[in-house]
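Peer 1: Structure in structure tokens, see below.
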Amino acid sequence: MQTPAPTDYVRATSVANAIALLEEHGEESRLLAGGHSLLPMMKLRVARPEMLIDINELDELRGIKIEGDEIVIGAMVTHREVLESPVLAEHYAIFREAEKVIADPLVRNRGTVGGSMCQADPSEDLSAVGSALKGTVVIENSSGRRTVELRDFHEGPYTTKVEAAEILVEVRFPIRPGAGSAYEKVERRVGDWPVCSAGAYVVVSGGVVSDCGIGLTAVGAEHFCAPDAEAFLIGKEPTEENLRAAAQLASDASDPSPDQRGPADYKKHLANELTYRALVRAAAASQGA
Amino acid sequence: MQVTITINGEQVTRDVEPRTLLVHFVREDAGLRGTHWGCDTSNCGACTLWVDGQAVKSCTVLAAQADGHEVTTVEALETADGLDPVQQGFIECHGLQCGFCTPGMMMTARWLLDHNPNPSEEEIREAISGQICRCTGYKNIVEAIQWAAEHPKTSEVNA
Ligand code: FES
Ligand code: FES
């Protein structure tokens, strides 16, 4: 039987209260969001917080809304809410496509956007989506809020710019009129982490790519993105040849490790092929196909 | 710490360690053994029940997190009107062999049908994709859920 080590538990009553509790209890305290990463880690004793600060009751961290030209997703929005959000579906198909293959429906009912982002698993699908779309996160501490680019958010596997007495409160994505987006994942079985996933948005205007973003996960791409591939595509027609060349550059940006999910060259091949497929569909969607 | 959870409409108050998992609270503290406990690692779905109407894996939720919330377990499926169509479907279609996965499967099935009364086979398979059955090969489970969809609750028919 796996059960977490003894710990204490307190429920935060507001974001400010959660921050105060983090300050009060120090390094050995952890925020408890959906718990679908933290509780398994506690069962394995990989994480041993002495105090859990439950933020599940904080309605101020819920909801998906539009503010100006940005989509704002609260940190405690669940994967299921992302999957079923009409607002997200209208602007970015990539969310629905990625969420459909993240974990399973029961886990999606409980797991949260903020939790996934802060867990920062090197194979996290949402991190690839966030990097592809060049989103930002808003982090709050006792002296206020700051905004960090998702492409500058990860300090390494499982570590982010969120400091000890801080909380990620929302994730923001720019709305790009005319953008098409798509997500591609290869997994060994339903609900598993990806062997490799790739996501992209493309804006085609006047017959050429005017804007694009490419995200990759599970293959060691720095900050889950492929900037050289993006730069290559700008100003070019979305032909098969150009999209293939960009996909090759995306694969070059990856640095996968061999593991039980496959050897490195197979993962590099997937990074190439999945990027290509995502680009093809994103470009077609942008052109209204 | 003291925790009060409304389980199947009844308040259950117990003193528990904060690390107590909801599945253990339900089975040991509330004495409701219908919810099974299998892998412990959010893989098998045997522990599936509802928290505030959402199907979740109760081995990955703390009892403390459910304090003040509503939990629904497999024991609530049967009502004064008789068996839930999902239960009847599992009987009609031989949807179980050893029965270990069955409570979790049925709780997901009822949750699915409450949200989507006419699911396609693909939607049914997607709904139970986080659950493992070592016996049936899933075919009869899918058929049982289809049977339940074709035989809605009397209350739903009247409504
Ligand atoms: S016991 Fe909870 S998923 Fe297996
Ligand atoms: S009937 Fe035996 S595990 Fe499903």
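Peer 1: Ranked highest first by average number of other Cβ atoms within 10 Å, how do A:221-230, A:161-170, A:274-283 line up?
Peer 2: A:274-283, A:221-230, A:161-170
Peer 1: Which whole-number percent of Cα pairs in segment A:179-288 have a distance greater than 21 Å?
Peer 2: Result: 29 percent of Cα pairs exceed 21 Å.
Peer 1: Then there's this: Report the rotationally averaged projected area of chain B based on its alpha-carbon convex hull, in square nanometres. Walk me through the intermediate numbers first.
Peer 2: Details: hull surface 35.6 nm².
Over every viewing direction, the Cα hull of chain B projects on average to 8.9 nm².
Peer 1: So for segment A:36-152, what percent of the C-alpha to C-alpha distances run longer than 26 Å? Don't skip to the end; give the middle numbers.
Peer 2: Details: 1301 of 6786 pairs.
Everything past 26 Å amounts to 19 percent.
Peer 1: Run the helix sum for chain B: -39,500 (n - 2.57) per DSSP H stretch of 4+ residues, divided by residue count, reported at 222 nm to the nearest 500 deg cm²/dmol. Write out the running numbers ahead of the final one.
Peer 2: Working: 5 runs with 46 residues, N = 159.
Calculated from helices alone, the mean residue ellipticity at 222 nm is -8000 deg cm²/dmol.
Peer 1: What size of dipole, in debye to the nearest 20, comes out for segment A:6-108 about its Cα centre when the only charges are +1 on Lys and Arg C-beta atoms and -1 on Asp and Glu C-beta atoms?
Peer 2: 520 debye
Peer 1: Which of A:T13, B:T136 comes first, and how do the rest follow, when ranked by fewest Cβ neighbours within 10 Å?
Peer 2: Listed from fewest to most nearby Cβ atoms, that is A:T13, B:T136.
Peer 1: Once you list every other residue whose beta carbon is under 10 Å from the beta carbon of A:V195, what net charge do they have if Lys and Arg are +1 and Asp and Glu are -1?
Peer 2: Summing Lys and Arg as +1 and Asp and Glu as -1 gives +1.
Peer 1: Can you pull out the trypsin sites (Lys or Arg not before Pro) in segment B:19-53 that DSSP calls coil and that have at most 15 other Cβ atoms within 10 Å? If you can, show how the numbers build up before the last one.
Peer 2: On the way: sites: B:R19, B:R27, B:R33; in loops: B:R19, B:R33.
Of the trypsin sites (Lys or Arg not before Pro), the ones in loops of segment B:19-53 whose Cβ has at most 15 other Cβ atoms within 10 Å are B:R33.
Peer 1: Continuing with this model, one more query. Shielding of A:2-11 by partners, i.e. mean partner chain Cβ atoms within 10 Å per residue?
Peer 2: Mean number of neighbouring Cβ atoms from other chains: 5.
Peer 1: Counting other Cβ atoms within 10 Å of each Cβ, which chymotrypsin sites (Phe, Trp or Tyr not before Pro) in segment B:1-88 have at most 10 and sit in a DSSP loop?
Peer 2: none
Peer 1: Quick check on chain A: helices-only [θ] at 222 nm, where DSSP H runs of length 4 and up contribute -39,500 (n - 2.57) each and the sum goes over total residues. Nearest 500, please.
Peer 2: -9500 deg cm²/dmol
Peer 1: With a 10 Å Cβ neighbour count serving as the proxy for reagent exposure, in which order, fewest first, do B:T72, B:T48, B:T35 appear?
Peer 2: Ranked by crowding around the Cβ, least crowded first: B:T72, B:T35, B:T48.
Peer 1: Can you quote the Å³ per residue value for the convex hull of the Cα atoms in segment B:1-60, rounded to an integer?
Peer 2: Here the figure is 77 Å³ per residue.
Peer 1: For chain A, what is the charge dipole size about the Cα centre, in debye to the nearest 20, if Lys and Arg each add +1 at the Cβ and Asp and Glu each add -1 at the Cβ?
Peer 2: Its charge dipole is roughly 680 debye.
Peer 1: Follow-up question, since we're still on this one. Can you work out the Karplus-derived ³J(HN,Hα) for every residue in segment A:106-118? Use 6.51 cos²θ - 1.76 cosθ + 1.60 with θ = phi - 60°, whole Hz, and x for glycine or proline.
Peer 2: Coupling constants for segment A:106-118: 6, 5, 5, 5, 10, x, 10, 5, x, x, 5, 4, 6 Hz.
Peer 1: Per residue, how big is the convex hull around the C-alpha atoms of the protein assembly as shown? Give it to me in cubic angstrom, could you? All intermediate terms of the calculation are to be shown ahead of the outcome.
Peer 2: Details: hull volume 68.3 nm³, N = 448.
Normalising the Cα hull of the protein assembly as shown by residue number yields 152 Å³.
Peer 1: Collect residues whose amide H, placed 1.01 Å from N in the peptide plane, falls under 5 Å from the amide H of A:E70; neighbours closer than 5 in sequence don't count.
Peer 2: Placed amide hydrogens put A:I175 under 5 Å from A:E70.
Read the figures in this text as sums done on the coordinates, not as results from a lab. Quantities reported herein were computed from a predicted structural model and do not represent experimental measurements. Cβ sites come from the backbone with ideal geometry, for glycine too, and all protein chains shown count toward neighbours.
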